[in-house]
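Read the structure below first, then the notes.
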């Protein structure tokens with residue numbers, strides 16, 4: 001085992017390895033995973049890489065030169081039955097077979113890549129790109145993350161609105177939300193990409209920074225406010241234009257599920273940098289379940305699952321990725337480091353469908369996009385690349401897709 005792997009494993013915490021033997025379940029090696037992935041056609045690809053500096057951008061991108069491909073309509077197969085037994089898969093980039101291209105758009109140093117359309121040159125650096133009939137073709141987040149742009153079908157800018165922190169969207173991206181700053185107030189904006197009559201606004205004083213976190217239902221937003229004195233509140237903005245603050249001393253709001261209305265929050269932040277998370281009921285008044293074994297992420301589009309990772313984060317990326325039952329917190333699938341070998345870092349994670357996840361992954365100087373299934377399957381979705389560490393990142397997912405982590 002190399003020194004880098006030892007040091008980062010220690011940082012992520014011995015508890016991660018302990019949990020690997022404490023939780024009942026079945027370890028699945030890569031050949032076993034392949035055996036279950038009968039619905040996916042694959043091809044082997046040669047792996048190359050990108051340096052650590054590019055990896056940091058992969059996990060927390062700010063701005064990228066874009067030429068790419070966006071999301072297009074494609075047939076979505078019914079979600080498979082949820083596994084009844086915990087499935088554990090070794091996280092690896094070695095000898096992975098090639099699956100279908102990502103079913104969601106992703107960005108590269110050359111542009112944005114859209115399903116079924118390929119690479120589309122944009123001529124500027126964007127943080128997100130959402131189809132929007134209302135805005136002339138597309139809704140985008142500008143290079144600095146401080147503008148929401150309306151673009152034509154040919155990606156020509158036709159409008160711009162200020163935002164304090166980018167945008168969030170619901171699973172089908174028919175609704176987006178952001179905060180618009182003003183001299184004396186700030187406005188939380190809910191915007192429909194299909195029907196302008198649905199738009200709603202909530203006004204807040206400028207004494208705190210208000211950011212949307214996710215959708216708890218049609219027209220209902222989970223938000224978080226941070227005061228200049230360090231105080232913070234979590235609340236819900238309702239379709240009737242009112243807002244309410246949740247009871248409870250929570251560290252931060254993580255994500256929300258518009259299907260069930262559930263809310264994920266961080267409940268504790270400890271001196272050893274570990275954390276605890278919980279899922280609240282749709283009213284936000286009751287904790288349905290809580291865990292200190294994981295940091296929670298985004299809910300699946302159908303609301304059945306929620307992503308999770310290590311309770312201690314290294315700052316370079318995640319050392320593991322897990323899928324939990326959103327109703328109970330039961331561990332469904334776990335993708336964990338090999339017991340020996342090079343450390344693999346995961347970042348830029350987003351749900352592709354009810355049962356699959358797309359995530360950026362780095363091992364040494366090799367970077368790629370993986371598809372991980374709630375059934376434990378693991379495969380490559382793009383040609384791995386190798387870049388100079390000082391160049392733009394190899395791949396990243398749109399800002400609104402990376403909910404939670």
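If we count other beta carbons within 10 Å of each Cβ, what is the order of 244, 124, 334, fewest first? Walk me through the numbers on the way to the answer.
Working: 244 11, 124 17, 334 25.
The order, fewest Cβ neighbours first, is 244, 124, 334.
Just order 219-231, 99-111 by mean Cβ neighbour count inside 10 Å, highest at the front, would you?
Values: 219-231: 16.7, 99-111: 21.2.
Per-residue Cβ counts within 10 Å, averaged per peptide and sorted highest first, yield 99-111, 219-231.
At what distance in angstrom do the alpha carbon centres of region 233-311 and region 116-167 lie from each other?
Centre-to-centre (Cα) distance: 29 Å.
In nm, to one decimal, how far is the residue 339 label point from the residue 195 one, both placed 7 Å along Cα→Cβ?
Inter-label distance under the simple model: 5.6 nm.
Where a ≥ b ≥ c are the square roots of the eigenvalues of the C-alpha gyration tensor, would you call region 80-238 rounded, which needs a/c under 1.5, or, failing that, prolate if a/b is larger than b/c, or oblate?
Numbers: a/c = 1.89, a/b = 1.31, b/c = 1.44.
It comes out oblate by the Cα gyration axes.
Taking square-rooted eigenvalues a ≥ b ≥ c of the alpha carbon gyration tensor, is region 276-394 rounded, prolate or oblate, where a/c under 1.5 means rounded and, failing that, a/b exceeding b/c means prolate? If you can, show how the numbers build up before the last one.
Values: a/c = 2.13, a/b = 1.84, b/c = 1.15.
Because a/c hits 1.5 or more and a/b exceeds b/c, region 276-394 counts as prolate.
Which order do peptides 251-258, 325-332 fall in by mean Cβ count within 10 Å, highest first? Could you put the intermediate results ahead of the total?
Values: 251-258: 23.6, 325-332: 18.1.
Going by the mean number of other Cβ atoms within 10 Å, highest first, we get 251-258, 325-332.
Using a ≥ b ≥ c from the Cα gyration tensor of region 231-306 (square roots of the eigenvalues), is it rounded, prolate or oblate, where a/c under 1.5 gives rounded and otherwise the larger of a/b and b/c decides, a/b for prolate? Don't skip to the end; give the middle numbers.
Values: a/c = 2.26, a/b = 1.28, b/c = 1.76.
Oblate, because a/c is 1.5 or more while a/b does not exceed b/c.
Can you tell me how much longer the chain between residue 289 and residue 162 gets when fully stretched, taken as 0.36 nm per residue apart minus their C-alpha distance, in nm with one decimal? Walk me through the numbers on the way to the answer.
Working: separation 127, 0.36 × 127 = 45.72 nm, distance 3.75 nm.
So the extension gain works out to 42.0 nm.
Computed from the coordinates by the stated procedures, all read-outs in this text should not be read as laboratory data. Quick caveat, the model's predicted, so the values are computed rather than measured. Methodologically, a virtual Cβ is constructed for each residue, glycine included, from the backbone with ideal geometry; neighbour enumeration extends over all protein chains shown.
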